[in-house]
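Enquirer: Just dropping this structure here.
No value in this document is a laboratory result; all are computed from the given coordinates. None of the values given here were measured: they were computed from a predicted structure. We place every Cβ from the backbone using ideal geometry, glycine too, and count neighbours over all the protein chains shown.
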């Protein structure tokens, strides 16, 4: 499924249906997308976690190990689905989803990650990625408790906290996360 000019907007969310740009496409990721996904992964972490993680740790994120990780994830497509949002030929966001990884998974499908470059906030890229990764169905996800932008995005899309919390390490720093379910 790819979204682009002339395609559907963002489903039933009227907030995004009127803000989307028309130069975005979303498509299933290919192994050759690993460098672009890794670049977005690193930059998006630097943009959205600057208030949570030490600057030196964020600055130390390296492209090559992320590329290798993404090649392995995309190759193992049976375990996870990866989508990329592109502005022209440039990858500006990604999402991954798959069978729930938690022993007590509240839904069978988990949104494992979704990131969009800050330069494309409000463009509809995040909404298109979410729609591709989990559609309108039931799913769950984990979000950093101190990530209000992401929390608000998920709330607008029908996800609510289910009371589960955990500590998760992001590049060596413990971060409190909470689970949201739809």
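Enquirer: For Cα extents along the principal axes in Å, the choices are (i) 59, 48, 40; (ii) 69, 29, 28; (iii) 43, 36, 32; which was calculated from the structure?
Expert: Only one listed value fits the structure, namely (iii).
Enquirer: Looking at the chain as a GNM with Cα springs under 10 Å, which of 66, 149, 39 has the largest mean-square fluctuation?
Expert: 149
Enquirer: Looking only at segment 157-180, which residues have a backbone nitrogen under 16 Å from a spot 7 Å from the Cα of residue 105 in the C-beta direction?
Expert: Flagged as within label range: 179-180.
Enquirer: What spacing in nm lies between the two simple spin-label points modelled at residue 167 and residue 145, each 7 Å away from Cα in the Cβ direction?
Expert: 1.1 nm
Enquirer: What FRET efficiency comes out for the pair residue 64/residue 156, r = Cβ-Cβ distance, R0 = 45 Å, nearest 0.05?
Expert: 0.80
Enquirer: Given 0.36 nm per residue, what is the gain on full extension from residue 57 to residue 76 after removing their alpha carbon distance, in nm?
Expert: Working: separation 19, 0.36 × 19 = 6.84 nm, distance 2.84 nm.
Once the chain is fully extended between residue 57 and residue 76, it gains 4.0 nm.
Enquirer: Still on this model: In nm, to one decimal, how far is the residue 31 label point from the residue 176 one, both placed 7 Å along Cα→Cβ?
Expert: 4.3 nm
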